[in-house]
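Chemist: Take this structure first; my questions come after.
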Amino acid sequence: MSKARLEAFSDGVIAVAITLLALDLTVPEPGHGELLTQLGDHWPQFATYAVSFFTVGRSTGLFSRAWP
């Protein structure tokens, strides 16, 4: 398998993983209070997404260095 093909496959897998993480994020419906208050109530979901996003990104960077 060529390096370009392996990189394309891994990029696709990472894109799917990040998309699945984003699908779990919910935004409160309008009209139920201040936006920042509503988003503050859901901070654990956003923090989990951010940590997961950076973990996947860091893994990708390490993977890219392992295959020069």
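Chemist: Does the range 3-66 come out rounded, prolate or oblate by the C-alpha gyration tensor, with a ≥ b ≥ c the root eigenvalues, rounded set by a/c under 1.5 and, if not, prolate when a/b is larger than b/c and oblate if not?
Modeler: Cα axes put the range 3-66 in the prolate bin.
Chemist: Let me ask something else. Using 7 Å Cα-to-Cβ label points, what is the Thr37/Ile14 separation (nm, one decimal)?
Modeler: 4.0 nm
Chemist: While we're here: Placing +1 at every Lys and Arg Cβ and -1 at every Asp and Glu Cβ, with all other atoms neutral, what dipole size does the range 3-66 have around its Cα centre, in debye to the nearest 20? Intermediate values should be presented prior to the final figure.
Modeler: Values: 4 positive and 6 negative charges, 115 e Å.
Using Cβ point charges on Lys, Arg, Asp and Glu, the range 3-66 gives about 560 debye.
No value in this document is a laboratory result; all are computed from the given coordinates. Treat the numbers as computed from the prediction; the structure is a model and nothing was measured. As a convention, Cβ positions derive from the backbone with ideal geometry for all residues, glycine included, and neighbour counts pool all protein chains shown.
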